[in-house]
Amino acid sequence: MDRFFIRGGKKLSGSIRVHGAKNAVLPLLAASILTDDPVVLTDVPDLKDIRAMMEILEKLGCRCTFGDGTVQVRSHTLQNGDMPEKLCKQIRSSVFLLGPLLSRLRNAQVPYPGGCEIGLRPIDLHLKGLKTLGVEIEESGGKIFCDGRNMHAGDVYLDYPSVGATENVMMASVLLQGVTTIHNAAREPEILDLQRFINKMGGSVKGAGTQVIRIEGVEKLHGITYHPIPDRIVAGTLLSAAAITGGDILLKGARSGDMVPVIAKLREMGCDVRRDDKGLALRAPQKLHAVGEIQTQPHPGFPTDMQSQMVSLCTLAEGCSLVTENVFENRFTHVGDLNAMGAKIRISGRTAIIRGVGSLAGGHVTARDLRGGAALVLAALAAKGVSVVDRVEYIDRGYEKMEEMLLTLGADVMRIQ
Ligand code: EPZ
């Protein structure tokens, strides 16, 4: 298991380009089987979850290639919808394949995706949405059997604006005759990217980015080459790395429109964040101010995927900050290690109460989930002395060679195999 060796205290500077968004690419890979023409995705980060999704597609009979940031999926050889148990347990986003498999084959079997480090991650909203479209669902022996022979367009209401459930229902309905409407749909930028992708393939989807999405079924979709949106969470994490080290960086390719709540909070903490034709720049203040309050919410609220990183920033901010995690049940896994580094954080229910301290001391810490691991790296970059971050495999799920990104910006970090 790899670990990072980080000597803190370096102010980050310089510029770096942000790679394509993991949470856009994963549903786009699923949607690529909606046609039996070849589909090409460019600017794809080489991440474990993306490799695992491609492996699942290959187990289903598709042919995938990945080189130099470009993925090609050919699904004319797609044989069956029986998804491989072990791989599906590795990545929860395998559940996104239900919709496209039902569109293509009118049947799918998926193992019940377990929970993960940050929460139970149920899929009841996915299944309820598919049932509204006439899918017959049976659960037995830890597997979910979906029979889509009588599928039809319909009006789906999501009890919660679930990103995955919205994407699954969109992909399940693009080839259904008639109009399917999704009410209380998720509004994340990645949903808009999926709409653009499907429409470029010849689909007819409107309303993504709002709470009501309208999908008019079409006969057939054709192959395309597509460039996904940049990763707003990787961008937010890099801005946070500059903020916590008193640095000054430029992110090329970041889309500020996707990052409004994160930029607002960084500005509240005293950072100068500017958008110009070169990209998104952040200059940190001498000392960060406390953020007051952060409540994670579905988009356009503050993103849960940036909560852990902001907690790290607040440990060194002047004053007291409150960060409440409203989306997942267990997303403070990094707090224990931050306190061991000298932070003053108390958890009360879903809220972290963070009293800013003057400095953190380097320590031997362990990543316990993807964004919690990134948060520990941020703390180590600002801490006095050396830190070791264990279980970097969690971080590799969402950041392509994070150590190289940080080295480009002047950090003193080394990956130890
Ligand atoms: C997507 O997960 C992202 N993953 C997550 O990013 C992100 O945190 C999340 O959206 C919220 O923005 C990908 O896109 C691959 P949800 P998803 O369905 O679709 C509950 C990261 O760090 N829920 O919007 O699984 C669920 O338990 C990852 O990159 C149900 O109750 O998120 C959670 O509390 C982590 N029933 C809430 O909704 C369901 O059927 C949000 O989940 C589905 C979800």
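Do the conditions hold for Pro45, that is, is it within 16 Å of the ligand (Cβ to nearest atom) and either outside any loop (DSSP other than H, G, I, E, B) or farther than 27 Å from Leu250 by Cα (or both)?
Values: within 16 Å of the ligand (Cβ to nearest atom): yes; either outside any loop (DSSP other than H, G, I, E, B) or farther than 27 Å from Leu250 by Cα (or both): no.
Judged against the criteria, Pro45 is not a match.
Of all the residues that make up segment 149-189, how many are of a type in the set (Gly, Ala, Ser) and under 15 Å from the mean Cα position of the chain (by Cα)?
To start, the set of residues in segment 149-189 that are of a type in the set (Gly, Ala, Ser) comprises 153-154, 162, 164-165, 172-173, 178, 185-186.
Subsequent filtering for residues that are under 15 Å from the mean Cα position of the chain (by Cα) retains 162, 164-165, 186.
The total comes to 4.
Cβ-Cβ under 7 Å, sequence separation 6+ or interchain: first residue in segment 395-407 and more than 13 Å from the ligand (Cβ to nearest atom) and among the aliphatic types (A, V, I, L, M), partner modelled with pLDDT of 95 or more and assigned to a helix (DSSP H, G or I). Which pairs?
As it stands, the answer is Met402/Val377; Met402/Ile395; Met405/Leu238; Leu406/Ala241, since those pairs meet every condition given.
Could you list, in sequence order, all residues of segment 274-296 that are in contact (Cβ under 8 Å) with a residue 24 or more places away in the chain and touching a Ser or Thr at 6+ places or on another chain (Cβ under 8 Å)?
To start, the set of residues in segment 274-296 that are in contact (Cβ under 8 Å) with a residue 24 or more places away in the chain comprises 278-296.
Residues satisfying the conditions are Lys278, Gly279, Leu280, Ala284, Ala290, Val291, Gly292, Glu293, Ile294, Gln295, Thr296.
State all residues of segment 51-88 that are more than 26 Å from Tyr112 (Cα to Cα), surrounded by 15 or more Cβ atoms within 10 Å (Cβ to Cβ) and not aromatic (Phe, Trp, Tyr); if no residue qualifies, say none. Full working, then the answer.
Of all residues in segment 51-88, those more than 26 Å from Tyr112 (Cα to Cα) come to 65-72, 74, 76.
Still in the running and surrounded by 15 or more Cβ atoms within 10 Å (Cβ to Cβ): 66, 71-72, 74.
Across segment 51-88, the qualifying residues are Val71, Gln72, Arg74.
Only residues that are in a helix (DSSP H, G or I) and surrounded by fewer than 20 Cβ atoms within 10 Å (Cβ to Cβ): list them for segment 103-112, please.
Going through segment 103-112, the residues in a helix (DSSP H, G or I) turn out to be 103-105.
Answer for segment 103-112, where residues must be in a helix (DSSP H, G or I) and surrounded by fewer than 20 Cβ atoms within 10 Å (Cβ to Cβ): just Leu105.
List every residue pair whose Cβ atoms sit under 6 Å apart, with the two residues 6 or more apart in sequence or on different chains, where the first one lies in segment 106-125 and is within 19 Å of Thr304 (Cβ to Cβ) and the second, anywhere, is among the aromatic types (Phe, Trp, Tyr) and within 9 Å of the ligand (Cβ to nearest atom).
Close Cβ pairs (under 6 Å, with a partner that is among the aromatic types (Phe, Trp, Tyr) and within 9 Å of the ligand (Cβ to nearest atom)) amount to Ile118/Phe328; Gly119/Phe328.
Quick one: which residue in Gly207, Gly178, Gly223 is modelled with pLDDT of 95 or more, away from the ligand (no atom under 13 Å from the Cβ), surrounded by 17 or more Cβ atoms within 10 Å (Cβ to Cβ) and on the phi > 0 side of the Ramachandran plot?
On the way: Gly178 fails: surrounded by 17 or more Cβ atoms within 10 Å (Cβ to Cβ); Gly223 fails: on the phi > 0 side of the Ramachandran plot.
Gly207 is the lone residue from the list that is modelled with pLDDT of 95 or more, away from the ligand (no atom under 13 Å from the Cβ), surrounded by 17 or more Cβ atoms within 10 Å (Cβ to Cβ) and on the phi > 0 side of the Ramachandran plot.
In segment 84-99, is there at least one residue being in a loop (DSSP other than H, G, I, E, B) and closer than 20 Å to Asp369 by Cβ?
Here is the first cut: in segment 84-99, the residues in a loop (DSSP other than H, G, I, E, B) are 84, 91.
After this cut, where a residue has to be closer than 20 Å to Asp369 by Cβ as well, the list is 91.
Yes, some residue in segment 84-99 is in a loop (DSSP other than H, G, I, E, B) and closer than 20 Å to Asp369 by Cβ.
Which of the residues spanning segment 231-246 are crowded, with 24+ Cβ neighbours inside 10 Å and either on the phi > 0 side of the Ramachandran plot or not β-branched (Val, Ile, Thr) (or both)?
Asp231, Arg232, Ala235, Gly236, Leu238, Leu239, Ser240, Ala241, Ala242, Ala243
Kindly indicate whether any position in segment 158-169 is among the aliphatic types (A, V, I, L, M) and away from the ligand (no atom under 12 Å from the Cβ).
First, pick out the residues of segment 158-169 that are among the aliphatic types (A, V, I, L, M): 158, 163, 165, 169.
Subset that is away from the ligand (no atom under 12 Å from the Cβ): none.
No, segment 158-169 has no match at all.
Looking only at segment 29-50, count every residue that is surrounded by 22 or more Cβ atoms within 10 Å (Cβ to Cβ) and in contact with a strand residue (DSSP E or B) (Cβ under 6 Å, 6 or more places away or on another chain) and tell me the total.
4
In this structure, does Val311 turn out to be touching a helix residue (DSSP H, G or I) at 6+ places or on another chain (Cβ under 9 Å), free of Cβ contacts under 8 Å to residues at least 40 places away in the same chain and either within 30 Å of Ile191 (Cβ to Cβ) or of a type in the set (Lys, Arg) (or both)? Full working, then the answer.
Details: touching a helix residue (DSSP H, G or I) at 6+ places or on another chain (Cβ under 9 Å): yes; free of Cβ contacts under 8 Å to residues at least 40 places away in the same chain: no; either within 30 Å of Ile191 (Cβ to Cβ) or of a type in the set (Lys, Arg) (or both): yes.
When the stated conditions are applied, Val311 does not pass them.
Does Val18 satisfy being more than 15 Å from Pro100 (Cα to Cα), β-branched (Val, Ile, Thr) and touching a residue at least 12 places away in the same chain (Cβ under 8 Å)?
Working: more than 15 Å from Pro100 (Cα to Cα): yes; β-branched (Val, Ile, Thr): yes; touching a residue at least 12 places away in the same chain (Cβ under 8 Å): yes.
When the stated conditions are applied, Val18 passes them.
Could you identify the single residue in Ile91, Ile144, Ile137 that is modelled with pLDDT of 90 or more, surrounded by 20 or more Cβ atoms within 10 Å (Cβ to Cβ) and either within 13 Å of the ligand (Cβ to nearest atom) or at negative phi (or both)? Before the answer, list the steps.
Values: Ile91 fails: modelled with pLDDT of 90 or more; Ile137 fails: surrounded by 20 or more Cβ atoms within 10 Å (Cβ to Cβ).
None of the other options fit; the residue is Ile144.
For the subset of segment 220-251 comprising residues that are out of contact with any Gly (no Cβ under 9 Å at 6 or more places or on another chain) and part of a loop (DSSP other than H, G, I, E, B), which member is farthest from Val169 (Cα to Cα)?
Among those that are out of contact with any Gly (no Cβ under 9 Å at 6 or more places or on another chain) and part of a loop (DSSP other than H, G, I, E, B), it is Gly246.
Looking only at segment 351-378, filter to residues that are farther than 13 Å from Ala317 by Cβ and part of a loop (DSSP other than H, G, I, E, B); which one of those is nearest to the chain's Cα centre (by Cα)?
Among those residues, the one meeting the criterion is Asp369.
Identify the single condition in (1) in contact with a Lys or Arg (Cβ under 7 Å, 6 or more places away or on another chain); (2) within 16 Å of the ligand (Cβ to nearest atom); (3) over 30 Å from Leu407 (Cβ atoms) that Arg350 does not satisfy, given that it satisfies every other one.
(1)
The values are calculated or read from the model by the stated rules, or taken from the named source; none is laboratory data. All values reported here derive from a predicted model rather than from experimental measurement. Every residue, glycine as well, gets a Cβ built from its backbone with ideal geometry; the counts of neighbours run over all protein chains shown.
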